[in-house]
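Engineer: Questions regarding the structure given below will be posed in turn.
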Amino acid sequence: MARIRVLVVDDHRIFAESLAAALAAEPDVDVSAAGSGPAALRALERAAAEGRGYDVLLVDAELGALTSGEPPAVPAPRQEETAAVDGIALVAGVRAARPAVRSVVLAEKDDPRAAARALQAGASGWVAKDCSLQRLLSVIRGVLRDETHLPPALLTGVLRELTAARKHRTESERLVESLTPREREVLRCMVAGLGRKAVAERLFLSPHTVRTHMQNVLGKLGVHSTLAAVALARRAGVGPADAGTGPLGRDVVERGGQLAQ
């Protein structure tokens, strides 16, 4: 019998342990638990190194937002893990690094906007925490068949959110396309977090010239700050200059998961 390896990622210890115990009672399921995003990533790395990678992640939608004082799920985060990693960020990271692993988000309430963000990040399902074990098992087995699972009550709201996100992305792409090639290079440096002096050194320009390009970028994008320009660039799929999205001097924008140049 092929066994399904599941990793429960939740910082509520009682819930995580109870869910892991219930799943472990199934004859074809092996299950472990992690109490934080970094702990989950370490577990994924260890499992992959041992040749027994996980198949499905069950990720708490509220991961990193624990405020009740309840002890974290095991294994507890190490002392240096002070930065919270939310559930959707974890889904996105796992999707990018280990695309064969399916992620299902477990939520305490229906939230079309959060569910849409989860799907955009690469989640294969959104399930209520209080659903039955049989429902959860059905979703786990379904996502391994490349199915996407959403509660019917969320479907309309999620589609509306995805449509709106696509509209914003299209508008952002149009604005980015209005930039000159040099301005796009500058924008990608801004996305990488480089200041004016660093951009000047990287592009072999004077700081005054870089300042002019930055002002032009803000004006053409219709924003008033570098942060707003970076946010718009991200929506358009523009990656940082040092993120391997292509050499400087080329116009690289993601569309529909593919690079358009």
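Engineer: When averaged across all projection directions, what area in nm² does the alpha-carbon convex hull of segment 170-235 cover?
Structural biologist: 3.7 nm²
Engineer: A further question on this structure: Give the Debye-formula value of log10 I(q)/I(0) at each listed q (0.19, 0.29 Å⁻¹), with one equal scatterer per alpha carbon of segment 1-59, two decimals each.
Structural biologist: -0.63, -1.22
Engineer: Can you sort 11, 130, 86, 146 by solvent-accessible area, 1.4 Å probe, largest first?
Structural biologist: So, going from the largest accessible area down, we get 130, 146, 86, 11.
Engineer: Test of understanding: express the Cα radius of gyration of segment 110-246 as a ratio to 2.2 N^0.38 Å, with N the residue count.
Structural biologist: Relative to the 2.2 N^0.38 Å estimate, segment 110-246 comes out at 1.42.
Engineer: I've got another one for you. In whole Hz and in residue order, list the ³J(HN,Hα) couplings for segment 218-230 that follow from phi through the Karplus curve 6.51 cos²θ - 1.76 cosθ + 1.60, θ = phi - 60°; x for Gly and Pro.
Structural biologist: 4, x, 5, 7, x, 10, 10, 8, 4, 4, 5, 5, 5
Engineer: Something else now. Under a 5 Å amide H to amide H cut-off, with H placed in plane at 1.01 Å, what residues pair with residue 5 once short-range neighbours are removed?
Structural biologist: The answer is 30, 55, 56.
Engineer: Taking amide H positions as placed in the peptide plane 1.01 Å from N, state which residues far from residue 128 in sequence (5 or more) or on other chains have amide H under 5 Å from it.
Structural biologist: Those lying under 5 Å, H to H, from residue 128 are 107.
The values are calculated or read from the model by the stated rules, or taken from the named source; none is laboratory data. Quick caveat, the model's predicted, so the values are computed rather than measured. Heavy atoms of the whole protein, side chains included, go into the accessibility calculation; ligands, DNA and RNA do not. Shrake-Rupley method; radii C 1.70, N 1.55, O 1.52, S 1.80 Å.
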